[in-house]
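First comes the structure, then the notes that go with it.
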Amino acid sequence: MILSGINSNRLTQRLKELNKIGRLEGGGVSRPSLSNEDKKARDLLMQWTKELDLTVQVDQIGNMFCQWKGKTDKIIGVGSHLDTVPTGGDYDGALGVVAGLEVIQTLKEQHYQPNHTMVLANFTNEEGTRFTPDMMGSLASARPETLPELLKAISADDHKIVSEELNRIGYAGNVPCGSINFERFIELHIEQGPILENENIDIGIVEGVQAIQWRRLTIVGKSSHAGTTPIALRKDSFYAMSCLTNYARKLCESQNGLLITIGSIEIHPNVINVVPKKVIATIDLRHPDNSVAYQAMESLETFAKQDKSFNGLTSQWESLVDIKSIKFDQQVISSIKKSCDSLGYSNRPMISGAGHDAQLLSSRYASGMIFIPSRNGVSHAVDEFSSETQIEKGANVLLNTVVELDGE
Ligand SMILES: [Zn+2]
């Protein structure tokens with residue numbers, strides 16, 4: 001069965017309405033997880049699901065599961081996240097939730113009788129900018145034993161605790177994490193990269209997500225006078241960090257697909273005429289293959305032990321995130337492919353460069369992802385953009401994939 005019936009206009013209007021919440025001057029949105037804006041977005045989703053007669057369950061980490069009962073209790077899940085980074089765009093996360101709702105509404109309007117129970121999910125704290133770790137809600141679903149630790153996480157901006165913030169905004173549910181057992185889960189998302197646009201392709205069929213490792217590196221040397229300390233006697237933490245940065249770039253150039261980013265750095269004392277004593281930097285390292293990612297991180301650590309720029313300095317490596325690369329479910333992948341082909345949309349397989357809820361869910365539930373193009377590959381920025389046509393195509397692929405999987 002080919003359905004191309006999603007209502008593009010309604011989907012766009014809902015996205016617009018949602019993105020009034022946390023609207024930034026000049027465009028873009030800010031809806032940090034468990035903030036007042038996140039609460040308003042959740043309330044709006046609640047209101048929409050009521051109009052569609054869906055039953056909403058909230059679990060202990062605040063994940064929302066909006067159910068449409070099928071003939072059986074087996075569940076097909078769709079969804080994503082409503083939280084954003086502080087200067088986020090209109091589509092990252094929001095698209096997957098609103099399109100999921102649109103798919104359910106379309107099926108209901110067409111008097112479709114699902115075999116499976118359909119569940120639209122909104123996962124808590126996907127972005128991780130307010131609370132670490134990111135993808136918190138999907139992590140709690142996939143590995144409920146992590147819940148007690150996650151509830152204790154403290155916000156970076158105002159030192160609030162997850163459990164208290166959940167209570168404050170009214171989304172501390174009592175459904176046990178991990179009790180909504182998806183037979184299949186599909187997430188529609190923007191690509192957040194340039195590949196689909198560059199190749200002028202409608203749909204990315206995501207086959208997996210690359211490994212992501214985050215480290216915080218603290219290098220401690222010695223402060224000394226810029227004018228009187230000979231170069232050979234310096235314990236310059238920033239110089240060591242620069243050598244490591246240079247080495248990281250060389251590693252990337254010698255290993256296909258390896259991406260290392262040193263994206264934040266603090267220098268102490270940060271004074272023009274003082275050799276810097278301490279540097280605190282973050283390292284983001286990604287590769288589609290776990291073993292390559294581990295080896296690369298190990299090479300960086302070995303460099304810091306052996307290179308002479310680190311002589312007389314101490315370095316401390318703290319692991320912040322360690323997410324293994326994953327492969328998505330073959331049946332979900334082929335259902336997405338079949339849907340694209342039936343609808344006549346150009347498509348290609350791809351690996352996701354960013355982390356997503358579906359990635360964490362995939363350790364427990366058969367999952368998959370659909371990507372649509374992002375203008376200039378921009379995301380996590382106010383000028384994030386995908387056109388109405390691109391969104392419509394993505395949502396129609398989601399619709400058909402759900403129907404395809406429901407028939408199995
Ligand atoms: Zn996202």
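Could you check segment 249-262 and list, in sequence order, the residues that are among the small types (Gly, Ala, Ser) and either at pLDDT below 95 or in contact with a Leu (Cβ under 6 Å, 6 or more places away or on another chain) (or both)? The one that is among the small types (Gly, Ala, Ser) and either at pLDDT below 95 or in contact with a Leu (Cβ under 6 Å, 6 or more places away or on another chain) (or both): 257.
Only strands (runs of 3 or more DSSP E) whose full extent lies in segment 287-381 are considered here, and the ones with at least 2 residues that are not assigned by TED's automatic domain parsing to the domain that holds residue 126 are 314-323.
Residues are listed down the side, and each one gets a yes or a no for (1) in the same structural domain as residue 387 (by TED's automatic domain parsing); (2) loosely packed, with under 14 Cβ neighbours inside 10 Å; (3) at negative phi; (4) part of a helix (DSSP H, G or I):
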| residue | (1), (2), (3), (4) |
| --- | --- |
| 13 | yes, yes, yes, yes |
| 25 | yes, yes, yes, no |
| 33 | yes, no, yes, no |
| 38 | yes, no, yes, yes |
| 41 | yes, no, yes, yes |
| 46 | yes, no, yes, yes |
| 57 | yes, no, yes, no |
| 67 | yes, no, yes, no |
| 72 | yes, yes, yes, no |
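For the list (1) under 13 Å from the mean Cα position of the chain (by Cα); (2) without any contact (Cβ under 8 Å) to a residue 60 or more places away in the chain, I need the number of the one condition that residue 125 fails. All conditions are met except number (2). Residue 351 - would you say it is closer than 28 Å to residue 139 by Cα, buried (at least 22 other Cβ atoms within 10 Å of the Cβ) and in contact (Cβ under 8 Å) with a residue 12 or more places away in the chain? No; evaluated as a whole, the condition is false for this residue. Among the residues that make up segment 121-130, is at least one of them aromatic (Phe, Trp, Tyr), at pLDDT 95 or above, over 17 Å from residue 184 (Cβ atoms) and within 15 Å of the ligand (Cβ to nearest atom)? No, segment 121-130 has no match at all.
Looking at 165, 127, just one residue is of a type in the set (D, E, K, R), part of a helix (DSSP H, G or I) and assigned by TED's automatic domain parsing to the domain that holds residue 66, and that residue is 165.
Taking residues in segment 146-167 that are closer than 23 Å to residue 364 by Cβ, and partners anywhere that are in a strand (DSSP E or B) and not hydroxyl-bearing (Ser, Thr, Tyr), the pairs with Cβ atoms closer than 7 Å and at least 6 places apart or on different chains are 152/161. Across segment 190-214, the qualifying residues are those that are over 14 Å from the mean Cα position of the chain (by Cα) and part of a loop (DSSP other than H, G, I, E, B), and the one among them that is nearest to residue 324 (Cα to Cα) is 194.
Quick one: would you say residue 358 is within 12 Å of the ligand (Cβ to nearest atom), of a type in the set (A, V, I, L, M), buried (at least 20 other Cβ atoms within 10 Å of the Cβ) and under 27 Å from residue 213 (Cβ atoms)? Answer is yes for this residue. Against the test of being out of contact with any helix residue (DSSP H, G or I) (no Cβ under 7 Å at 6 or more places or on another chain), at pLDDT below 95 and either within 16 Å of the ligand (Cβ to nearest atom) or under 20 Å from residue 397 (Cβ atoms) (or both), the options 105, 110 yield a single qualifying residue, 110.
The values are calculated or read from the model by the stated rules, or taken from the named source; none is laboratory data. Model, not experiment: these values are computed from the prediction. All Cβ positions, even for glycine, are placed from backbone atoms using ideal geometry, and neighbour counts span all protein chains on display.
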